[in-house]
Amino acid sequence: MGNGVKESTARVREDAEAILPSPVNSKSDHRQVLSSLLSGALAGALAKTAVAPLDRTKIIFQVSSKRFSAKEAFRLLYFTYLNEGFFSLWRGNSATMVRVVPYAAIQFSAHEEYKRILGRYYGFRGEALPPGPRLLAGALAGTTAASLTYPLDLVRARMAVTPKEMYSNIFHVFVRISREEGLKTLYHGFTPTVLGVIPYAGLSFFTYETLKSLHREYSGRPQPYPFERMIFGACAGLIGQSASYPLDVVRRRMQTAGVTGHPHASIMHTLRAIVREEGAVRGLYKGLSMNWLKGPIAVGISFTTFDLMQILLRHLQS
């Protein structure tokens, strides 16, 4: 039994090394990073634009004490369209793009780098990483991206829940927050964001990479078809968002406290207030059913776009 395990581990290591090319020079490394940044930026932009109306609706429910239901959510979408016009459904999407493009670019690029670093450390490479390091690579990538782009996320949340008369553009939001609430407000809600990103990004990347690895093992094909990538991404989004959702609600409440009448408070105070006023399940999981609709779509588009862009860029470079 012991010899069989050792032989199996040796074969996995050999397969992992066979998949990857020999060490590349610095110029190729830089090209690979730029390729990841570009692919990640496009992946994030397409995914978020596709689900922007649902995203805005979810945020409005998250930061209010109104009870969520699918019927109420679609009523809100319909009346927003009637009263403010079709493009109002994408209000705040420009701020979303300003945040999502660098966020997705950094997250995907960081994930590729962390996979290489952890692969060298553990003696594995790329997609052959064992489960623990695979989970860690995703968590580190999400934390890195969130830390560098957080103020843009706060601005996007503010624009999503306020009338267009309050903030004329992204820069106006920054100016008013800085002047009226102080610069440190730009990082209000950062802690629950990072605490939520760790399971979300960790489980999303872990699930997607694991499903691709299992597909390769059982199908005998080195690459899944695009629709299979979409399914793997949808599963990844469903698992990742379900695990981190309560912290997402707390984060939104803290981000929008200055404009919704809620006092600025700590994570625990916000958490207790939501549970006391709305209940544990109804309050902390408000809007989750909408996330189950938009999350798998967005994450599926995101992962699929990134992979296909990477393949295209590799072909163009060769």
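The values are calculated or read from the model by the stated rules, or taken from the named source; none is laboratory data. Computed from a prediction, not measured in an experiment: that's the story for all the values here. Every residue, glycine as well, gets a Cβ built from its backbone with ideal geometry; the counts of neighbours run over all protein chains shown. In case anyone asks, the SASA skips ligands and DNA or RNA and just uses the protein heavy atoms, side chains included. Shrake-Rupley method; radii C 1.70, N 1.55, O 1.52, S 1.80 Å.
Using Cα atoms only, what is the angle between the long axis of helix 26-62 and the major principal axis of the chain, expressed in degrees (0 to 90) to the nearest 10? So the inclination is approximately 40 degrees.
Annotation for segment 34-105 versus segment 138-201: alpha-carbon center distance of 15 Å. Of the solvent-accessible surface of segment 64-185, computed with a 1.4 Å probe and all protein chains present, 64% belongs to carbon and sulfur.
What percentage of all Cα-Cα pairs in segment 88-236 are separated by more than 26 Å? Looking at segment 88-236, the distances longer than 26 Å represent 38 percent of pairs. Rounded to the nearest 10 degrees, what's the angle between the helix 288-317 long axis and the longest principal axis of the chain, both from Cα atoms, 0 to 90? It works out to around 40 degrees. Heavy-atom surface analysis with a 1.4 Å probe gives segment 188-307 a carbon and sulfur content of 69 percent of its accessible area. Working from label points 7 Å from Cα in the Cα-to-Cβ sense, the Phe74 to Leu312 distance is 3.4 nm. Could you grab the relative contact order for segment 146-208? Cα pairs under 8 Å, six or more apart, rounded to a whole percent. Result for segment 146-208 is 41 percent.
For segment 108-184, applying the loop criterion from DSSP together with a ceiling of 14 other beta carbons within 10 Å to the trypsin sites (Lys or Arg not before Pro) yields Lys164. By how many degrees, between 0 and 90 and to the nearest 10, does the Cα long axis of helix 226-255 differ from the longest principal axis of the chain? Between helix and principal axis, roughly 40 degrees. Of the three principal axes defined by the Cα atoms of the chain, the extents in descending order read 63, 43, 36 Å. Heavy atoms of the protein chains alone define the surface here; on that basis segment 188-307 has 42 Å² accessible area per residue at 1.4 Å probe size. Rolling a 1.4 angstrom probe over the protein heavy atoms with all chains in place gives segment 64-185 an accessible area of 51 Å² per residue. Only lysines eight or more places from Lys115 in sequence, or on another chain, were considered; those with a Cα closer than 29 Å are Lys6, Lys27, Lys48, Lys212, Lys294.
Panel values: segment 188-307, Kirkwood radius from alpha carbon pairs, Stokes-Einstein at 10 °C and 1.306 mPa s, translational diffusion coefficient 102 µm²/s.
Relative contact order for segment 64-185: 26 percent, from Cα pairs under 8 Å spaced at least 6 residues apart, divided by residue count. Subtracting the Cα-Cα distance of Phe86 and Ser289 from their residue separation scaled by 0.36 nm leaves 70.7 nm.
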